[in-house]
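Encoded as structure tokens, the structure appears first; notes follow it.
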Amino acid sequence: MDDVDVLIVGGGASAAAFAWSLADTRMKIVCMEQGDWIDHTQYPATSSNWEMRNDFSSDPNIRRAPADYPINNEQSDIAVANFNGVGGGTILYAAHFPRLHPSDFKVKTLDGVADDWPIDYETLAPFYEVNDRMMGVAGLAGDPAYPPKQPPMPPLPLGRSGTALARGYNALNWHWWPADVAINTEAYGGRDKCINMGLCGIGCAQGAKASVDITYWPEAQRQGIHLLTNCRVREITLGRNGMATGVTYFDKEGKEQHQSAQMVVLACNGIGTPRLLLNSKSNLFPDGLANSSGLVGKNLMFHPYTVVEALFEEQLDGSRGPHKGIQSHEFYETDESRGFVRGFSFEMHRGHGPVTTAMLGMLGNRVPWGEGHHAGYRKLADRMMAVAAVCEDLPEETNRVTLDESLTDSNGIPAAKIEYRISENSKKILAFAAERGRELFEAAGAAEITRVENPLPYAGWHNLGTARMGNDRQASVVNEWGRTHDVKNLFIIDGSLFVTSGGVNPTSTIQATALYIADAIKQRLGDASLFD
Amino acid sequence: MKEKVFSAEELSLLKRIASALIPASEEGGLPAADDEVIFQCVLENPAEQLIQLQSLLFELIKQEGGAAVVTAWDRTHFDNWIADYEKQWPKQVHSFFKVYIAMLLRAYYQDARVLIAYDRRPGPPFPEGYVVIEGDWSLLDAVKNRKPFYRR
Ligand SMILES: Cc1cc2nc3c(=O)[nH]c(=O)nc-3n(C[C@H](O)[C@H](O)[C@H](O)COP(=O)(O)OP(=O)(O)OC[C@H]3O[C@@H](n4cnc5c(N)ncnc54)[C@H](O)[C@@H]3O)c2cc1C
């Protein structure tokens with residue numbers, strides 16, 4: 001292909017929003033995604049053995065699809081989860097869609113830890129709104145934990161599980177509210193409403209869940225954006241003037257190609273983006289591109305999760321209905337009397353399918369072998385639910401993504417290696433949250449607590465902070481509108497640029513930030529100051 | 001094809017263990033895990049997993065003197081042998097049981113008869129889906145009265 005104006009690498013949540021927003025500039029915009037389009041008729045929900053399928057596992061080391069790259073998690077307390085293909089992580093995400101709080105952007109000012117973001121809630125508010133509309137968000141206005149917002153669709157049903165949990169919250173006088181979710185509760189955006197399959201985490205065959213392959217991408221393509229699949233970018237190339245000239249990539253046949261571009265935009269997520277930058281070494285940047293601060297790959301944040309699960313005597317929803325129903329932000333903001341800074345949100349996990357119920361029941365010795373098996377199972381079936389605490393993780397330079405010395409993907413590109421230890425502050429939050437989870441279920445009238453997992457070792461769903469945003473070029477990788485400090489035509493728009501993690505799922509903020517950066521670029525195109 | 005992984009003796013042992021782990025129950029008309037349909041589903045696992053199971057089975061019964069010895073045990077002896085392993089479950093138990101139980105549960109709890117017995121519609125979740133009741137929204141009134149509490 002001839003020279004293009006904008007080359008986006010990665011076809012996930014942030015890329016899709018960004019591409020759509022930039023489409024009205026009429027520039028020549030190309031996106032390269034290492035995976036393919038996902039055929040929704042192949043999702044596990046379309047087969048009886050949906051609980052047996054590994055092809056939609058969130059662990060790339062288990063999935064091992066051609067589009068995946070391996071990740072060395074050996075030195076990490078939490079394993080990375082992702083999906084590689086058009087839609088990125090949104091193919092598998094649970095679509096819990098909360099915004100950050102205003103306080104999340106100023107943790108240094110408010111709590112004296114980490115750093116403030118160079119932007120604030122008000123900056124993102126209009127982009128959150130556009131994104132809610134484009135993705136299709138269900139929820140309820142009036143949440144006292146947030147500034148006013150109006151989700152375009154009514155909330156998910158509370159169901160039996162939500163009702164039981166809400167009773168517990170009310171007994172303790174704790175905040176709860178229907179979760180904002182990117183799931184259709186009515187026909188919206190040309191997609192039908194949710195039919196409660198409960199399989200958001202392995203792909204929504206109904207198309208009610210807003211994965212970006214069925215929200216932003218079709219709109220962006222209609223407006224002329226080119227999305228090239230099965231193109232794996234190996235390296236960003238650099239000209240003598242220190243500007244990016246394009247990318248070297250492997251095409252579908254595994255042939256190495258070069259695509260030149262006026263502007264390169266990275267949207268490979270908090271692991272893929274630093275991996276690509278670290279793989280792009282040159283005389284000018286021997287430690288990886290745009291890495292004069294030495295911070296590329298550092299400050300990796302997940303949200304450590306603790307899960308508390310309980311058994312009820314009454315019947316609950318089981319696995320029917322989306323996983324997330326209601327959430328609580330009672331413990332979100334800092335209260336120093338708790339012995340830690342920052343906090344967490346509780347999200348509801350509605351219940352399990354039959355196989356998982358049996359498996360957990362057996363592992364917990366509640367479902368015996370032999371004669372007692374059926375009675376044991378009957379007590380659990382559709383009677384378990386959980387809460388998960390999404391704990392704020394503060395940035396630490398020792399938590400990082402580097403390149404593995406020997407592991408490579410199928411094109412021979414060095415894989416990512418994760419070094420990550422849960423910090424003392426996060427451990428305190430996790431322990432506190434586990435106790436509150438127990439209290440909550442007792443108040444809700446649960447018969448017993450069946451499981452506490454603290455931390456959840458496979459919960460590396462949110463990959464943040466590895467190319468952080470900031471005004472100080474020595475303490476950040478990109479400026480306050482996503483342009484790298486070192487290379488004036490190289491941008492980052494994914495979760496890598498988070499300065500802090502907040503205590504909620506990040507995708508709503510990742511996309512709002514991508515839209516905000518697209519807007520900033522458009523403004524600077526207008527006055528020709530984009531590369532100043 | 002895949003049952004070829006196992007000898008007739010191994011298949012018969014696997015079935016005997018399956019029905020000891022999950023026996024039939026008259027209540028709800030539940031089949032045992034060695035039921036033809038369910039067991040066939042176990043055999044549909046990828047060949048490499050079946051080969052792994054086979055070698056774990058071999059290791060397990062070697063400790064007792066081999067397949068012929070175990071096959072010859074009467075019901076009580078066999079049940080006691082299984083019960084001894086259950087005492088070591090889940091952490092210390094021989095890996096055979098970890099692998100086999102996971103396979104059995106996946107096959108058993110997708111069987112239409114089992115799902116119907118537990119009031120669950122069998123078959124793929126799509127396109128019919130399920131019903132979730134609206135629930136008691138009056139519970140939210142208590143929270144609606146709360147003043148905004150986010151920090152600026
Ligand atoms: C199981 C699961 C559940 C989740 N649940 C939630 C939730 O409920 N709420 C929430 O907010 N978030 C959730 N997330 C996280 C959410 O998916 C991510 O926050 C979001 O997708 C990140 O967007 P992104 O644009 O940064 O990257 P992604 O969406 O991950 O997209 C990155 C894309 O880049 C491509 N790529 C990477 N490297 C290259 C390369 N070298 N060349 C070409 N292409 C490349 C990848 O193939 C991928 O498609 C979940 C994630 C998972 C895995």
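Details
- The range A:76-114, residues that are on the phi > 0 side of the Ramachandran plot and either within 12 Å of the ligand (Cβ to nearest atom) or aromatic (F, W, Y) (or both): A:G85, A:G87, A:G88, A:A95
- Scanning the range A:190-212 for residues that are more than 14 Å from every other protein chain (Cβ to nearest Cβ), surrounded by fewer than 23 Cβ atoms within 10 Å (Cβ to Cβ) and assigned to a loop (DSSP other than H, G, I, E, B) turns up at least one hit.
- When each of A:I517, A:I521, A:I493, A:I510 is tested for being of a type outside the set (K, R) and either free of Cβ contacts under 8 Å to residues at least 12 places away in the same chain or away from the ligand (no atom under 15 Å from the Cβ) (or both), the lone residue that passes is A:I521.
- Test result for A:D393, at negative phi, part of a loop (DSSP other than H, G, I, E, B) and of a type in the set (D, E): yes
- Any hit, the range A:221-228, residues being at pLDDT 95 or above, surrounded by 24 or more Cβ atoms within 10 Å (Cβ to Cβ), near the ligand (Cβ under 10 Å from one of its atoms) and not in a loop (DSSP other than H, G, I, E, B): no
- Considering the range B:74-107, the residues that are touching a helix residue (DSSP H, G or I) at 6+ places or on another chain (Cβ under 7 Å) and not in a helix (DSSP H, G or I) include one that is surrounded by the fewest Cβ atoms within 10 Å (Cβ to Cβ), namely B:P90.
- Which listed residue is touching a residue at least 24 places away in the same chain (Cβ under 8 Å), facing another protein chain (nearest Cβ under 9 Å) and aromatic (F, W, Y), from A:Y121, A:Y128: A:Y121
- Qualifying residue in the range A:357-373 (condition: under 27 Å from the mean Cα position of the chain (by Cα), at the interface with chain B (Cβ under 9 Å from one of its Cβ atoms) and modelled with pLDDT under 95): no
- In the range B:108-117, of all residues being touching a residue at least 60 places away in the same chain (Cβ under 8 Å) and of a type outside the set (D, E), the one that is nearest to the other protein chains (Cβ to nearest Cβ) corresponds to B:Q110.
- Among (1) out of contact with any helix residue (DSSP H, G or I) (no Cβ under 6 Å at 6 or more places or on another chain); (2) farther than 16 Å from A:S282 by Cα, the one test that A:I225 misses: (1)
- Qualifying positions in the range A:40-62 - of a type outside the set (G, A, S), in a helix (DSSP H, G or I) and either buried (at least 18 other Cβ atoms within 10 Å of the Cβ) or within 7 Å of chain B (Cβ to nearest Cβ) (or both): A:H40, A:P44, A:T46, A:W50, A:E51, A:M52, A:P60
- Residues in the range A:63-73 that are among the charged types (D, E, K, R) and without any contact (Cβ under 8 Å) to a residue 60 or more places away in the chain: A:R63, A:R64.
The values are calculated or read from the model by the stated rules, or taken from the named source; none is laboratory data. If you're wondering where the values come from, they're calculated on a predicted model, not measured in any experiment. Positions of Cβ are generated from backbone atoms using ideal geometry, with glycine treated the same way; all protein chains shown enter the neighbour counts.
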